[in-house]
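What follows is calculated from the coordinates using simple rules that are stated; it is not laboratory data. Predicted model only: the values in this text are computed from it and were never measured. Using ideal geometry, Cβ is built from the backbone for each residue, glycine included, and neighbour counts are taken over all protein chains shown.
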């Protein structure tokens, strides 16, 4: 039976055009009053269905008890069921063209049963009283590109657990987590997906509920409370979001109405066989409405500050993880997924068009150009991109025995060939401490204390390198075990000096970062960075400057070798006294305590500067030093009543990109031509 519904005309029209960006307000289950009856209006999109009905506890799950009607020829089915209450469980029973009955969870459900059950729950999102107005107002005035961003990546179920092994609910997690984030100095927390998912071992990356926070940790309003508490404490909340693929669970989106509906119908485009998942049909307008609505839903209904979009590379390339003969070229004969590219541009233009201060972060693992450039300029429209090439190079370098680092020096310097081509986030994420890769501390070479010294050196280098920062939970106190989503972190390690000292070092680094604009205010331009020593591969030493918008500088010196360098000489930009600000070799961090007293420059040209300085470099260390401000030149005396012009305010000259690239190229010993950023090996599917 088909039904006309005047009130549905605009939402349906926009949905069919791919432009209903608040489709969740129309589809799903909504509590309404019709006449003198209270109940719920259900709507779902099932274009290939012969019939659809609603089943649940309220009708003993008997198909046909509450049939739905199709709105004209739209493929959209609707029914009003009186008497249904909040938290009642339901599914759609879809009759396929082959007369098979499929019992499907609601793609637009706001709440769901906790696994192993998988029914949808009626839920009213209205009524939560937000208390984060001050945060929201402040964020609208912030510039995320030129502000500090230091992200703590977190899996909600395994950060900490209760004594009986149960995870904290959303509200309890906030109460435990927020004081720690403030103490440690993080600006944002990034949650591995909390969208509803059936399998714990997928870590949330195989989603069945794109509009439902997982019920493992409570209700939707509990999750609102988590975000609200974070905001009131000055912590931003980023959420991992997965529009790249979805699982084949029978109750989910897979073959929703007995035929390809949400997935691409072409078998050479619509499936990731190694992952056991399906690829969305990005060229289908109704799917576009579904996905863009999901993204905006979390930002607008849950006040999420940003989305980290997972597996973007798998969306961009038709041959991703596919052998020859298993994929089909686009209409131009290329391997680019043109529909996915158009979708990503539409997604980012819509989200950032409405909310310019929010974060859209791409996990893109190849050298695809202009990922973080506006869509109207030919980019993908994200405002940040994970720097996977830097991550691969540095973890390879840091895991190399220091005796052999001289021959790998280009891995430290190569990132500066492209450091300012995108708005990068430097990620040391969960992906680097799973699947047998071991923990970060266990990647470090040497004996026990050497591992800690190496890791402190790396963290100091990472914090000073241009780009925003991300560190996965547990790495801040050097957990030795590989991360396991089924249990809490090894917090008992903080009873041991080395781990407690590592945590103290990371805490001091984090606070130093947020308090010093030199490290974040000019992150994506050569104006904020300048090499001093890029090419000392024989001693595994680098030195560079970071500069804020006013020209104030911090000098960073890294010694990646376990040998102390006495009277190490380098050029410096300004004459005066250089003082240590932070030293990874400090005794309080577990180091040997090799420090530099205040050092004065001498007029001896070096490294392109007029003066130089001699330092003692501790073994395996990163040292930050304050650069004295340049003194203004004295005014010339006036002659014969002629007013002398004031000299132009002196700023230290930044090296031009070409010159800096040339210097970096010198450092890349044995590298004759610039290569593209290293693309990581194709990872095993998450959770497998």
Each label sits 7 Å from Cα toward the beta-carbon; between residue 60 and residue 113 the label points are separated, in nm, by 1.8
Label of the coordinate-derived value, volume of the Cα convex hull per residue in Å³, listed as (1) 246; (2) 158; (3) 190 = (3)
What does the helix-only formula give at 222 nm for the chain: each DSSP H stretch with n ≥ 4 adding -39500 (n - 2.57), the total divided by the residues, and the result rounded to the nearest 500 deg cm²/dmol?
-> -6500 deg cm²/dmol
Between the stretch 489-508 and the stretch 541-604, the alpha-carbon center distance in angstrom | 25
Assuming R0 = 41 Å, can you tell me the calculated FRET efficiency for the pair residue 273 and residue 484, based on Cβ-Cβ distance, to the nearest 0.05?
-> 0.95
Pairs of Cα atoms under 8 Å, at least six residues apart: use those to get the relative contact order of the chain, whole percent.
-> 11
Label zone at residue 72, where the point sits 7 Å out along the Cα-to-Cβ direction: the stretch 287-314 residues whose backbone N lies under 19 Å = 287, 289
Once label points are set 7 Å from the Cα along Cα→Cβ at both residue 357 and residue 126, what is their separation, rounded to one decimal in nm?
-> 2.7
Please give the helix 285-301 orientation as an angle from the longest Cα principal axis of the chain, in degrees from 0 to 90, rounded to the nearest 10.
-> 60
Extension gain from residue 403 to residue 435, taking 0.36 nm per residue of separation minus the Cα-Cα distance | 8.7 nm
May I ask you to sort 371, 12 by Cβ crowding, counting other Cβ atoms within 10 Å and putting the fewest first?
-> 12, 371
Of the stretch 599-614, those with amide N under 20 Å from the point 7 Å along the Cα→Cβ vector of residue 563 are 614
Estimated FRET transfer efficiency when R0 is 25 angstrom, pair residue 134-residue 182 (beta carbons, to 0.05) | 0.95
Burial order of peptide ranges 252-258, 150-156 (average beta-carbon count within 10 Å, highest first) = 150-156, 252-258
Would you mind calculating the gained length between residue 602 and residue 250 on full extension (0.36 nm times residue separation, minus the Cα-Cα distance), in nm to one decimal?
-> 119.4 nm
Antiparallel as a % of all DSSP beta bridges within the stretch 2-121, to the nearest 5?
-> 95
FRET efficiency, residue 19 to residue 266 (Cβ-Cβ, R0 22 Å, nearest 0.05) | 0.35
If one takes the longest principal axis of the Cα atoms in the chain, at what angle in degrees, from 0 to 90 and to the nearest 10, does the Cα axis of helix 220-232 lie?
-> 20
Could you check what % of the DSSP bridge pairs in the chain are antiparallel, to the nearest 5?
-> 70
Checking rank on 525-533, 382-390, 401-409, 576-584, with mean other Cβ inside 10 Å and highest first, the result is 382-390, 525-533, 576-584, 401-409
Length-normalised contact order for the stretch 2-121 - Cα pairs under 8 Å, 6+ apart - percent = 23
Output ordering of 78-91, 271-284 (per-residue mean of other Cβ within 10 Å, highest first) is 271-284, 78-91
At residue 552 and residue 259, where each label point lies 7 Å from the Cα along Cα→Cβ, what is the point-to-point distance in nanometres?
-> 6.5
